[in-house]
Amino acid sequence: MSLVLDEFYTNLRAVGVSAATGEGMDELFEAIQDAAKEFQETTALEHEAAQQAKVLNDQQQQEINIDKFRQDFQQINLQPKSAREEEEEN
């Protein structure tokens, strides 16, 4: 457990800010901008790629389901009878 925490804290960024004097605010805003840039370059791209993969997977699964549905329909031959075929049966 301590190894996990050590790994977490090695990547954690901290900026000292004084509530009384406001000292460190420039560094805070700079750190926020850096974090936002890093997010856009890494996490946002990974999320977008995962979303695109999910959409593609959903489309493929939908096509598979439609094919199965069509095969089931062909197996039970659920084509509507014409009026002439119904008269011939009666």
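Brief remarks follow.
- Failed item in (1) modelled with pLDDT under 95; (2) assigned to a helix (DSSP H, G or I), with Leu78 passing the rest: (2)
- In the range 1-19, the residues that are surrounded by 10 or more Cβ atoms within 10 Å (Cβ to Cβ) form Cβ pairs under 7 Å with partners that are of a type in the set (Gly, Ala, Ser) and modelled with pLDDT of 90 or more, at six or more places apart or across chains, as follows: Val15/Gly24; Val15/Ala31; Val17/Gly24.
The values are calculated or read from the model by the stated rules, or taken from the named source; none is laboratory data. In this text the structure is predicted, and so the values were computed from the model without any measurement. Cβ sites come from the backbone with ideal geometry, for glycine too, and all protein chains shown count toward neighbours.
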